[in-house]
Amino acid sequence: MKTSDRTVDFGFEKVPWTDKAGRVRAVFASVAGKYDVMNDLMSLGVHRLWKRFALSLTGLKAGQRALDVAGGTGDLALGLARQVGRGGRVVLSDINRNMLEVGRDRLLDRGVAGNVDFVIADAERLPFAEDSFDCVTIGFGLRNVTDKAAALSSMRRVLKPGGQLLILEFSTPVAPGLKPLYDAYSFNVLPMLGRLVAQDAASYRYLAESIRMHPNQETLLEMLQAAGFAQARYHNLSGGIVALHRGYKI
C-alpha cells in the first residue's frame, strides 16, 4: 500500500498517514506554554517520580553522550546533563519548535545548558551519525510518532554498541480496579483541566485518546525485540498507568 493511501490513529480518529505529524505538531504548539503546569496538575506531580526512576536507570557516566528524543520542555534532558557533567554532551531534540524553545529557556534558567544542544528532529529520521550516543531516552513521546517501528530503528542506529534506550510512556493499567477510575479521570477531568488552564480541551482529549491507542506493555516489548534491542524488558509504574521499557544495542 502506498503511503498516500495509508491511515494511522490520531487519538480515536483515523487520519491519512502523512497528516499525523502535522496534527501532533499543532497540538503541542498549542499547549507548549502551559505544558509543565499541566503535567503537574494532571499527575499531581507524580510525573517527576516517573522521570526520576527513568534517570536512575541510564547508567550514564561523566563525559558520556546522551540524546533525549521528543524531549519537549527538557525534564529528562536536565537530569541527563547533570549525569554526564561538563565534559559530556546531551542533545535535546523535538519535532516541535515551540516545545524545544520552552525547553531551551528552562535549561538556560537552570544553568545547565552549557553542555546541551537543541535540535529540531523527527524521531523517525534522527539526523545524527550512527553509534553517537551512550544512552537515548524518549519520555511520553513515542505514542505521538506516526511510524513507531521506524523511530525505534532510528534510535537504535544512533546508539553506540552497548548503549541503552529508555522509553517512558503511558501504558495499560494492570492493578485491579484501576482501569475504570483511570478512564473516568482521563476522559472527564483531563479535558476540563485543559480547557481551564491551557484554554485547549481538544488537545487534552487527544492525549487521553492517544494513550488508549498506544501499544500495551507486552506489544511494545515485542516491538523493541523486533527492532533488535537485547535484554529488552519493562517496569510498570503506578499500577501500569506508565511503563518504562528498556533495551540495549549489541
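For this structure, a couple of remarks:
- Rounded, prolate or oblate (a/c below 1.5 giving rounded, otherwise prolate when a/b exceeds b/c) for the range 158-218 by Cα gyration tensor: oblate
- For the range 74-203: span of alpha carbons on each principal axis (Å, largest first): 46, 33, 25
- Principal axis dimensions, largest first and in whole angstrom, of the range 1-93 by Cα: 47, 33, 22
- Cα-Cα pairs of the chain separated by more than 23 Å (percent): 48
- The C-alpha atoms of the range 24-147 occupy a region whose extents along the principal axes are 35, 31, 24 Å, arranged from largest to smallest.
- Calculated from backbone phi, Karplus (6.51, -1.76, 1.60) coupling profile of the range 226-237 in Hz, x at Gly/Pro: 5, 7, x, 7, 8, 6, 6, 7, 9, 10, 7, 10
- Cα-centre dipole for the range 1-155 with unit charges at Cβ (Lys and Arg positive, Asp and Glu negative), debye to 20: 240
- Looking at the range 127-250 alone, DSSP beta bridges between its own residues are antiparallel in about 70 percent of cases.
- C-alpha center-to-center spacing [the range 148-168, the range 78-137] in angstrom: 15
- Accessible carbon and sulfur surface of the range 91-223 relative to its total accessible area, %, 1.4 Å: 54
- The residues packed around ARG65, meaning those with a beta-carbon under 15 Å from its beta-carbon, carry a net charge of +2 if Lys and Arg are +1 and Asp and Glu are -1.
- When the chain is treated as a Gaussian network with alpha carbon springs shorter than 10 Å, the biggest mean-square fluctuation among GLY194, GLY141, GLY59 belongs to GLY59.
- Simple spin-label estimate for LEU196 and ILE250 gives 5.1 nm between the two label positions (7 Å along the Cα-to-Cβ direction from each Cα).
- Debye, to nearest 20: dipole size of the range 118-234, +1 on Lys, Arg Cβ, -1 on Asp, Glu Cβ: 180
- Relative to the current alpha-carbon distance between ARG48 and ASP117, full extension at 0.36 nm per residue lengthens the span by 22.6 nm.
- Per residue accessible area of the chain, 1.4 Å probe, in Å²: 44
- For the range 28-129, the residue among VAL84, GLY72, PHE128 whose Cα projects farthest onto the positive side of the dipole built from Cβ charges is VAL84.
The values are calculated or read from the model by the stated rules, or taken from the named source; none is laboratory data. What you see is a predicted model, and the numbers here were worked out from it, not measured in a lab. Note: ideal-geometry Cβ built from the backbone for every residue, glycine included; neighbour counts use all protein chains shown. What goes into the accessible areas is simple: the full protein's heavy atoms, side chains included, and nothing from ligands, DNA or RNA. Shrake-Rupley method; radii C 1.70, N 1.55, O 1.52, S 1.80 Å.
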